[in-house]
1. Can you tell me which residue within region 5-63, out of those that are assigned to a strand (DSSP E or B) and out of contact with any helix residue (DSSP H, G or I) (no Cβ under 7 Å at 6 or more places or on another chain), is farthest from Gly294 (Cα to Cα)?
2. Any residue at all in region 143-156 that's small (Gly, Ala, Ser), within 13 Å of the ligand (Cβ to nearest atom) and touching a helix residue (DSSP H, G or I) at 6+ places or on another chain (Cβ under 7 Å)?
3. Search region 191-233 for residues being of a type in the set (Val, Ile, Thr) and modelled with pLDDT of 95 or more, and hand back the single one that is nearest to the chain's Cα centre (by Cα).
4. With Asp103, Asp139 as the choices, which residue is touching a residue at least 40 places away in the same chain (Cβ under 8 Å) and of a type in the set (Asp, Glu)?
5. Condition first: over 28 Å from His159 (Cα atoms), among the polar types (S, T, N, Q) and assigned to a helix (DSSP H, G or I). Now tell me which residues in region 188-226 satisfy that.
6. Restricting attention to region 254-267, report how many residues are part of a helix (DSSP H, G or I) and not charged (D, E, K, R).
7. May I ask you to list the residues in region 104-122 that are assigned to a loop (DSSP other than H, G, I, E, B) and buried (at least 24 other Cβ atoms within 10 Å of the Cβ)?
8. Considering only region 188-202, state which residues are charged (D, E, K, R) and either within 22 Å of Glu261 (Cα to Cα) or touching a residue at least 60 places away in the same chain (Cβ under 8 Å) (or both).
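The values are calculated or read from the model by the stated rules, or taken from the named source; none is laboratory data. Just so you know, these numbers come straight off a predicted model, no measurement behind them. Quick reminder, even Gly has a Cβ in these numbers, built from the backbone with ideal geometry, and neighbours come from all protein chains shown.
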Amino acid sequence: MHTIGVDIGGTNIEVGLVDQKHKVSARAKAATPSAGPKEFVKLISKLVDEVGGEPAALGVGVPGVISDNVLVKAPNLPGWSEKTDFRGMLAKKLGIPVGLGNDVDVGLLGEWVAGAAKGGDFVLGVWMGTGVGGSLILDGQPYHGVSGGAGEFGHVIIHHDGALCTCGRRGCVEGYGGRRAMERTIEHRIDAGFETSIDEIRQKKHKGHFTSGVWQEALESKDPLATAMFRDAVTAVGVGVASAINLLDLDRVVIGGGFAEKLGTDLTSSIEEVAQPLMLRPSPNLTIVPAKLGDDSGVVGAANLAKSVVVR
Ligand SMILES: [Zn+2]
């Protein structure tokens, strides 16, 4: 049985036809539309036609909050202001069963069935991207909480009244470790006269934002401001991870997203170094590892979500 996995990101929509062994056999990709859900349904239907292969079902990961299969909000997608039965809309258009999941949950699911989380029963996924996403697998099952709100690792508070987070609250992990928050902080510091080469690196790479690649190059050139700020980001994530382990007694932490893709085990071992002395009684089996599937984790996870819809 083949199923389709759709990964909706802020920049691109990736669609893949995935086989039983979690291999992506055909792909299609397009820029994320700036209009609302109807445009997404049209575009996804076109991309599904492009990959072909008569899929049995489709799964989709959306950067938003999902409760009872309904998309409650997707603040990072323009034109998605209201509660949407996106799953129903897609199923009607495509004529196949559709599964809907949060993008980070779907990413961790991909890593769980075919990547770095495989074999873990108590797993925290931390996706360090524009924000800091989180997802949980507890007792061998994806865990979403009472109303779909569990796993918000990025908004775990690590400093009461600390740095302003993109959610409007203060002291969250994301306020230190999310690229959008880091960008705002570094811009303030550049304006305040701190010496750094990171803005030159950004311009040289023709990037509008401080991407993971821009940070990586600034870190490699030992830029002092970038190094200090990245240290703060790693500390925030490490403190959050230690707290999560103290609360949940995990056996695996998977770090994904752009930074993990660029920095791999350099990043995970720095996070582990911060977390280690803060953990009360970590399992001897605990490992903190980078995601393995890169961009494919979302597509593979979404395709797996599709499978569960068919089985049901
Ligand atoms: Zn927050």
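1. We begin by selecting, within region 5-63, every residue assigned to a strand (DSSP E or B); these are 5-8, 12-18, 24-31, 58-62.
When the remaining residues are screened for being out of contact with any helix residue (DSSP H, G or I) (no Cβ under 7 Å at 6 or more places or on another chain), the result is 12, 25, 29, 31.
Details: Asn12: 14, Ser25: 16, Lys29: 15, Ala31: 18 Å.
That would be Ala31.
2. yes
3. First, the residues of region 191-233 that are of a type in the set (Val, Ile, Thr): 196, 198, 201, 211, 214, 227.
Still in the running and modelled with pLDDT of 95 or more: 196, 198, 201, 214, 227.
Values: Thr196: 28, Ile198: 24, Ile201: 25, Val214: 19, Thr227: 23 Å.
This residue is Val214.
4. Exactly one residue qualifies, and that residue is Asp103.
5. Gln203
6. Looking only at that region, the number is 6.
7. Looking only at region 104-122, we keep the residues that are assigned to a loop (DSSP other than H, G, I, E, B), and these are 115-122.
Passing the criteria: Gly115, Ala116, Ala117.
8. Selection gives Asp199, Arg202.
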